[in-house]
Amino acid sequence: RIEVRLGEHNIVVNEGTEQFINSAKVIRHPSYDSYTLDSDVMVIKLSTPASLNQYVQPISLPSGCAAAGTKCSVTGWGNTMSPTADSDKLQCLEIPILSDTDCSNSYPGMITNTMFCAGYLEGGKDSCQGDSGGPVVCNGQLHGIVSWGYGCAEKNHPGVYAKVCTLSQWINDTMNSN
């Protein structure tokens, strides 16, 4: 069973905006591969509906795949690798989607059609440990899910994300049948 935190901002302070809801069901993608991390997505059915407000809102699945160069935001409470950053508070980073060529060149033979790379080939800024499962939002739609990478913010090793546009049919079908 998984407890889902909604409306969270500072993970060590109860700010009154949080909703803690248990899962009723956790459904992993049938093609998920724990070795390659192909199809790295799951759907969590909540035991009770969330209360929608200014802190908790649904997000649209993508209408298509985002092009290389699209600017997106990745958020999480993961490792900031900085003594001054406040990792108890939700962090946000703007990252561009990289071309399939740059992605494949960064991770030869490891990128599947359910993955994309985003970030900076020069390194310095990236999602990191503790951010996995978090959203990559482009133009108000969920385009990615934080999945894996080699280290964090390392040169020529951008973050790798589950490519929601290739998984959205399964996500929709799973939500509709559960």
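Nothing in this text is a laboratory measurement; each read-out follows from the coordinates by a stated rule. Only a predicted model underlies this, so the values are computations on that prediction, with no experimental measurement involved. Don't worry about glycine lacking a Cβ; one is built from the backbone with ideal geometry, like all the others, and counts go over all protein chains shown.
Here are a few things to note about the model shown:
- Backbone phi angles across the range 146-152, fed through the Karplus curve with coefficients 6.51, -1.76 and 1.60 (θ = phi - 60°), yield HN-Hα couplings of 4, 10, 7, x, 9, x, 9 Hz in residue order; Gly and Pro are listed as x.
- For the chain, the list of Cys residues with no other Cys C-beta under 4.7 Å reads CYS92.
- Sequence-ordered 3J(HN,Hα) estimates for the range 91-101 from the Karplus curve with 6.51, -1.76 and 1.60 and θ = phi - 60° stand at 9, 9, 9, 8, 9, x, 6, 8, 5, 4, 5 Hz, glycine and proline given as x.
- Within the listed set HIS143, HIS157, HIS29, the residue fluctuating most in the Gaussian network model of the chain (springs between alpha-carbon atoms under 10 angstrom) is HIS29.
- Think of the chain as a dipole: +1 on every Lys or Arg Cβ, -1 on every Asp or Glu Cβ, centred on the Cα centre; then among VAL26, GLN91, TYR107, VAL26 lies furthest on the positive end.
- Spin-label model distance (nm) - ASP102 vs THR75, 7 Å beyond Cα toward Cβ: 2.4
- Across the chain, the relative contact order, built from alpha-carbon pairs under 8 Å that are at least six residues apart, equals 21 percent.
- The range 70-141: C-alpha gyration tensor shape, a/c 1.5 cut-off, then a/b vs b/c: prolate
- Computed [θ] at 222 nm, deg cm²/dmol, the chain (DSSP H ≥ 4; -39,500 (n - 2.57); rounded to nearest 500): -3500 deg cm²/dmol
- Efficiency of FRET from Cβ geometry, GLU122 and ASP33, R₀ 35 Å, rounded to 0.05: 0.70
- Most mobile listed residue (SER31, SER82, SER51) in the chain, GNM with C-alpha springs under 10 Å: SER82
- Classification of the chain by its C-alpha gyration tensor yields an oblate form. The axis ratio a/c (a ≥ b ≥ c) is 1.5 or more, and b/c is at least a/b.
- Nearby aspartates and glutamates by direct alpha-carbon distance to LYS163 (threshold 20 angstrom, same-chain neighbours under 8 apart not counted): ASP33, ASP38, ASP40, GLU94, ASP100, ASP102, ASP126, ASP131, ASP173
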